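Q: The structure under discussion is supplied below as structure tokens; questions concerning it will follow.
The values are calculated or read from the model by the stated rules, or taken from the named source; none is laboratory data. Quick caveat: nothing in here was measured; it's all calculated off a predicted structure. In this analysis, Cβ positions are derived from the backbone assuming ideal geometry, glycine residues included, and neighbour counts consider all displayed protein chains.
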Amino acid sequence: MSNISRRDFMKTVGLMAAGSLLSNFTDFSRAMAQAPVIGSRDETGNHGTGSRAKVYFTRHIDAVHLMRLYERINEGIYGKVAIKLHTGEAHGPNILPRDMVKAFQSNIPNSVIVETNTMYVGDRDTTEKHRKTIEVNGWTFCPVDIMDEDGAVMLPARNALHLPEVSMGSHILNYDSMVVLTHFKGHARGGFGGSLKNIAIGCADGKIGKRMVHGFHKSTSPGVDDWEGSMANGALFMENMADSGKAICDFFGKRIVFINVLRRMSVDCDCAGISAAEPVIPDLGILASTDILAVDQASCDMVYARPEKEKHDLVERIESRDGLAQLAAMRKLKMGNDKYELISID
């Protein structure tokens with residue numbers, strides 16, 4: 001199927017009201033034990049037994065090494081390219097360096113940064129406020145497409161665990177490929193925010209899709225009490241995220257790649273803005289892969305491999321939210337391989 005026919009098909013079957021799905025969530029038990037498979041070692045030249053995904057790694061966090069990693073995974077990237085980036089709340093201290101992202105984006109032809117509006121009330125819940133925040137944070141060197149500015153589209157997730165389709169910003173249909181450029185860090189509900197979180201919540205539209213993923217059924221904007229009492233928690237939330245991420249991966253097929261930047265890893269997401277906790281764990285580097293599960297697994301493994309005094313806060317955040325269930329959910333959905341070969345480019 002050509003790209004044009006794929007888009008026409010999605011526009012024909014996908015543009016619809018999504019409210020009927022918001023009442024179909026069910027609870028389930030915890031999905032996995034709270035210990036990841038530790039595999040953060042350089043295995044260059046040692047393929048081991050069985051299939052392994054390739055995860056490329058550098059300890060240098062700069063534009064030159066970011067491009068070197070990208071060049072190893074970008075074979076399927078062509079046409080109009082969406083760079084999915086968390087642009088952050090106003091003045092956030094931990095967002096990715098603008099100069100690094102600017103240099104990276106300038107080397108990817110026909111690319112723009114893409115985002116969606118937030119479900120919660122803040123600096124980015126409307127397109128007007130979001131654009132002002134984007135300017136405040138310095139994302140002015142290229143177009144930033146707020147993908148749900150003109151509404152939403154339903155994308156299917158094959159063999160979904162809970163959400164057979166998820167509402168996404170409608171502009172996603174305009175792109176041939178996606179580069180998922182993620183600031184890996186903690187997250188208030190997910191435990192950690194890696195490539196899965198970046199697309200699962202970051203591509204879902206603010207009015208419907210994010211409510212689906214969070215299991216939030218009220219018509220009002222979420223208040224303080226709603227985050228604990230009226231939304232999906234723990235492994236259910238992780239499985240909802242995996243369904244949403246699967247919809248994005250199914251849509252792009254082999255035309256999506258994943259880069260995690262392990263820098264200024266606060267226990268809080270960039271959604272927290274200036275209130276984010278100061279990171280304790282040191283910067284570790286950049287990981288890149290065509291495999292979403294492998295890159296998030298390797299990122300977690302690198303965190304868990306650090307000394308206790310460095311990793312304690314971030315690991316506590318991950319485990320207190322059942323965050324590793326993200327990895328289990330992606331395995332259930334066959335989204336990738338948690339066995340990987342870590343290939344250093346340094």
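Q: Which numbered condition in (1) assigned to a strand (DSSP E or B); (2) under 27 Å from residue 98 (Cα atoms) is the only one that residue 341 fails?
A: Of the numbered conditions (1) assigned to a strand (DSSP E or B); (2) under 27 Å from residue 98 (Cα atoms), the odd one out for residue 341 is (2).
Q: Select from the stretch 74-110 the residues that are surrounded by fewer than 22 Cβ atoms within 10 Å (Cβ to Cβ), more than 25 Å from residue 267 (Cα to Cα) and among the small types (Gly, Ala, Ser) and list them in ascending order.
A: 76, 79, 103, 106, listed by residue number.
Q: Starting from residues that are farther than 26 Å from residue 309 by Cβ and surrounded by fewer than 22 Cβ atoms within 10 Å (Cβ to Cβ), keep the ones in the stretch 257-273 and report whichever is modelled with the lowest pLDDT. I'd like the intermediate steps shown before the answer.
A: Step one: filter the stretch 257-273 for residues farther than 26 Å from residue 309 by Cβ, giving 257-259, 271, 273.
Still in the running and surrounded by fewer than 22 Cβ atoms within 10 Å (Cβ to Cβ): 271, 273.
Numbers: 271: 87, 273: 90.
Step by step, filter the stretch 257-273, then rank; the result is 271.
Q: Could I ask something else about it? Could you please give the count of residues in the stretch 295-334 that are more than 19 Å from the chain's Cα centre (by Cα) and of a type outside the set (A, V, I, L, M, F, W, C)? Give the steps one after another, and end with the answer.
A: Taking the stretch 295-334 as the starting set, the residues that turn out to be more than 19 Å from the chain's Cα centre (by Cα) are 304-313, 316, 320.
Now drop any that are not of a type outside the set (A, V, I, L, M, F, W, C), which leaves 304, 306-313, 316, 320.
So the count comes out to 11.
Q: Looking at (1) at pLDDT below 95; (2) in contact with a Lys or Arg (Cβ under 6 Å, 6 or more places away or on another chain), which one does residue 188 not meet, given that it meets all the others?
A: (2)
Q: Of the conditions (1) out of contact with any helix residue (DSSP H, G or I) (no Cβ under 9 Å at 6 or more places or on another chain); (2) crowded, with 18+ Cβ neighbours inside 10 Å, residue 128 clears all except one; give me its number.
A: Result: residue 128 passes all but (2).
Q: Before we move on, is residue 116 hydroxyl-bearing (Ser, Thr, Tyr), within 26 Å of residue 247 (Cα to Cα) and either out of contact with any Asp or Glu (no Cβ under 6 Å at 6 or more places or on another chain) or surrounded by fewer than 21 Cβ atoms within 10 Å (Cβ to Cβ) (or both)? Steps first, answer last, please.
A: Working: hydroxyl-bearing (Ser, Thr, Tyr): yes; within 26 Å of residue 247 (Cα to Cα): yes; either out of contact with any Asp or Glu (no Cβ under 6 Å at 6 or more places or on another chain) or surrounded by fewer than 21 Cβ atoms within 10 Å (Cβ to Cβ) (or both): no.
Considered against the rule, which asks whether it is hydroxyl-bearing (Ser, Thr, Tyr), within 26 Å of residue 247 (Cα to Cα) and either out of contact with any Asp or Glu (no Cβ under 6 Å at 6 or more places or on another chain) or surrounded by fewer than 21 Cβ atoms within 10 Å (Cβ to Cβ) (or both), residue 116 comes out as no.
Okay, residues lined up against (1) modelled with pLDDT of 95 or more; (2) aliphatic (A, V, I, L, M); (3) surrounded by fewer than 24 Cβ atoms within 10 Å (Cβ to Cβ):
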site: 192; (1), (2), (3): yes, no, no
site: 198; (1), (2), (3): yes, no, no
site: 213; (1), (2), (3): yes, yes, no
site: 228; (1), (2), (3): no, no, yes
site: 233; (1), (2), (3): no, no, yes
site: 238; (1), (2), (3): yes, yes, no
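Q: Among the residues of the stretch 112-131, how many are touching a residue at least 24 places away in the same chain (Cβ under 8 Å) and more than 18 Å from the chain's Cα centre (by Cα)? Don't jump to the end; show me each part of the working.
A: Going residue by residue through the stretch 112-131, those that are touching a residue at least 24 places away in the same chain (Cβ under 8 Å) are 112-125.
Restricting the remaining residues to those that are more than 18 Å from the chain's Cα centre (by Cα) gives 121-123, 125.
Of the residues in that region, 4 qualify.
Q: Assess whether residue 176 counts as being more than 11 Å from residue 114 (Cβ to Cβ) and acidic (Asp, Glu). Spell out the reasoning first.
A: Working: more than 11 Å from residue 114 (Cβ to Cβ): yes; acidic (Asp, Glu): yes.
Criteria met by residue 176.
Q: Where in the stretch 199-306 are there helices (runs of 4 or more DSSP H), lying fully within it, with 1 or more residues that are touching a residue at least 40 places away in the same chain (Cβ under 8 Å)? Steps first, answer last, please.
A: Numbers: elements: 209-214, 226-229, 234-252, 292-304.
Counting at least 1 such residues, we get 209-214, 234-252, 292-304.
Q: What is the number of the single condition among (1) surrounded by fewer than 24 Cβ atoms within 10 Å (Cβ to Cβ); (2) closer than 19 Å to residue 269 by Cβ; (3) out of contact with any strand residue (DSSP E or B) (no Cβ under 8 Å at 6 or more places or on another chain) that residue 159 does not meet?
A: (2)
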